[in-house]
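Structure, as structure tokens:
Derivation of every value follows stated rules applied to the coordinates shown; laboratory data play no part. All values derive from a computational prediction rather than experimental measurement. Please note: Cβ atoms are built from the backbone with ideal geometry, for glycine as well, and neighbour counts cover all protein chains shown.
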Amino acid sequence: MNLVQQTMPSVAEPANGRREFLRGTAAAGIGALMALADGEAQAVGSGDIQILLAAQIAEALAVTTYTNIIATSPFFTRIPVDDQGYLIAARQEEMSHYNLEKSVTNQDSPFTKFFYPQTMFANAQVTLNTLVTLEDAFIAAYLVGVRNFSTNDLKVTAARIMGIESDHRTLARVVGGDVAVQDGGPITRITGIQGVSESASPPNNNGYERTLLFTNIAQTAQSLLPFVDITLASRAGFNTTKTFAFMPFTPVLPTELGDFHSFAG
């Protein structure tokens, strides 16, 4: 069984498998993911808040992932400076996304501690597989926003963030070929959320972004549950002896030209 099959529920999982997945503590987890904030906040609907809260959790997970790659992964110091720059900038961008979403929901992420696969930050192959898996999920999540948000401003904002997550997925695949021999590189194949080992060349291997057949935010929330729920983390083969905390900070984006500016664009 490969890493992603251990990590994430299959996007083609039958309905009865999904029902089983959501039982017990998983049901509590999905409830927290789908908890509603004030439905009048920023004059957006409760369905919008659901999507934004799930996105906040995803962004908190992303920030935590990039933070620990930069701070603790041995391979990070041995990849080229431009690859390091991508990871550093991605951390800033994910934090900016989180802050933007929090400005609408007016609340923090319901989850601030995360589980990861065994050897997540020590093994470059595991790290990149997981990173691409997460970016796959984030892309699909923001496409749910494009589909389901109630206003055009929110739809366009979701598309703007999705484009950045797509950059991150491609750049994560670029890193594979630059991993040093002593860290198991070069990494030539990377497995994302669909459980398929794909060539890392070319890194931009999508003609169209993958929706993963996600049509509602509950599917996105389900894909994140192993990272937040200890029972499902254990079932997925994650390391449940340690959690990694989300540590918010004030982000600085690489250029003002790429800042948010406003919901009007």
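Observations
- With θ taken as phi - 60° and the Karplus curve 6.51 cos²θ - 1.76 cosθ + 1.60 applied, the whole-hertz 3J(HN,Hα) list for the range 61-70 is 5, 5, 4, 5, 5, 5, 4, 7, 4, 5 Hz, x standing for glycine and proline.
- Net charge of Cβ neighbours under 15 Å - reference Thr191; Lys, Arg +1; Asp, Glu -1: +1
- Table column - 3J(HN,Hα) (Hz), the range 97-113, Karplus curve with 6.51, -1.76, 1.60, x for Gly and Pro: 4, 4, 5, 4, 5, 5, 5, 9, 7, 6, 8, 7, 4, x, 10, 10, 10
- Thr215-Val252 FRET efficiency (beta carbon distance; Förster radius 45 Å; 0.05 resolution): 0.80
- Phi to ³J(HN,Hα) by Karplus 6.51 cos²θ - 1.76 cosθ + 1.60 over the range 224-238, Hz, x for Gly, Pro: 8, 4, x, 7, 10, 10, 5, 5, 6, 4, 5, 4, 7, x, 6
- Note on Gln118/Arg160: beta-carbon distance plugged into 1/(1 + (r/R0)^6) with R0 of 30 Å gives a FRET efficiency of 0.30.
- Value of relative contact order over the range 116-207, rounded to a whole percent, pairs C-alpha under 8 Å and six or more apart: 30 percent
- Under a 5 Å amide H cut-off, with hydrogens placed 1.01 Å from N, Arg189 pairs with Ala200 among residues at least 5 apart or on other chains.
- Rounded FRET efficiency, nearest 0.05, which uses the C-beta distance separating Lys242 from Gln194 and R0 of 22 Å: 0.20
- Electrostatic tally near Met247: other residues with Cβ closer than 11 Å to its Cβ, Lys and Arg +1, Asp and Glu -1, net +2.
- Long-range amide H partners of Lys113 with built H, under 5 Å: Phe246
- Straight-distance crosslink candidates among lysines, where the alpha carbon sits under 28 Å from Lys242 and sequence neighbours closer than 8 are dropped: Lys102, Lys113
- Judged by the mean number of other Cβ atoms found within 10 Å, the most tightly packed of the peptides 114-125, 206-217 leads the ranking 114-125, 206-217.
- Relative protection proxy for 128-136, 61-69, from highest mean packing down: 128-136, 61-69 (other beta-carbon atoms within 10 angstrom).
- Taking amide H positions as modeled 1.01 Å from N, with prolines and chain starts lacking one, no residue 5 or more places away or on another chain lies under 5 Å from Phe121.
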